[in-house]
Amino acid sequence: LYMTQRKRFDMKQELENRVQRAVDNFMQGYGCCQSMVAAFCDLYGVDDTLAKKIGAGFGGGVGRLRMMCGTVSGLVILAGLDCGQTEGNDRAGKSACYKVVQQLVGEFKKRNGSVICADLLGLSGKPLPKPTFEASARTPEYYKTRPCAKKVESAARIFAEFLEAKDLDEQKGCLAQS
């Protein structure tokens, strides 16, 4: 029993460190999706550089278009890494992954009110500025006026909770893919 409790404590601390790593990544200038994927990528054999490249285009609600929040895109990418099917005709595997994606995205929406970048930034109902591909300068003012670091933390915590629940009961999450 002690070893089981110790393992749970160690895992909980490891996952909390990953949540903090996601936030730290964002505060170092990485996009919201990059921050998420890079914090967990090593669990799936993906190196940090590749993870940041995979997540690079999703920032700002997909290329600054203010559509789906990059942290939510990060959740979807991580779900795919965790349980995505690798055979085209594996409908059961695809369905299992879709179920996890819907659970993760639904939990983000429940906790944050939306999965849409524009909504999360308080831009809904207002004319959106003309999209630009120019990345915003990451200044102290930028971080004060944006909820993004909190959204990164929220999404990372949701994924950490998913991993913890999956570890506690292997019936949760996706079927093991080999």
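Couple of notes before you dig in:
- Relative to the dominant Cα principal axis of the chain, helix 148-168 is inclined by about 10°.
- Most mobile listed residue (98, 44, 30) in the chain, GNM with C-alpha springs under 10 Å: 44
- Helix-only [θ]222 nm of the chain, DSSP H runs n ≥ 4, -39500 (n - 2.57) each, per residue, nearest 500: -20000 deg cm²/dmol
- Over the chain, accessible surface divided per residue gives 58 Å², non-protein components excluded, 1.4 Å probe.
- The stretch 14-58, dipole about Cα centre (Lys/Arg Cβ +1, Asp/Glu Cβ -1), debye to the nearest 20: 180 debye
- Gyration tensor (alpha-carbon) shape descriptor, the stretch 1-103, a/c threshold 1.5: oblate
- Cβ crowding within 10 Å averaged over residues, with 110-116, 58-64, 16-22 ranked highest first: 58-64, 16-22, 110-116
- Mean Cβ count within 10 Å, highest first, over the residues of peptides 129-137, 31-39, 83-91: 31-39, 83-91, 129-137
- Per residue, the convex hull volume that the Cα atoms of the stretch 58-170 enclose (Å³): 130 Å³
- Placing unit charges on the Cβ atoms only, positive for Lys and Arg and negative for Asp and Glu, gives the chain a dipole magnitude near 700 debye about its Cα centre.
- Dipole of the stretch 6-132 computed with +1 at Lys/Arg Cβ and -1 at Asp/Glu Cβ about the Cα centre; of 79, 39, 117, farthest Cα towards the positive end is 117.
The values are calculated or read from the model by the stated rules, or taken from the named source; none is laboratory data. Please read all numbers here as calculations on a predicted model, not as lab measurements. Every residue, glycine as well, gets a Cβ built from its backbone with ideal geometry; the counts of neighbours run over all protein chains shown. Quick note on the areas: whole protein, heavy atoms, side chains included, nothing else; ligands and nucleic acids left out. Shrake-Rupley method; radii C 1.70, N 1.55, O 1.52, S 1.80 Å.
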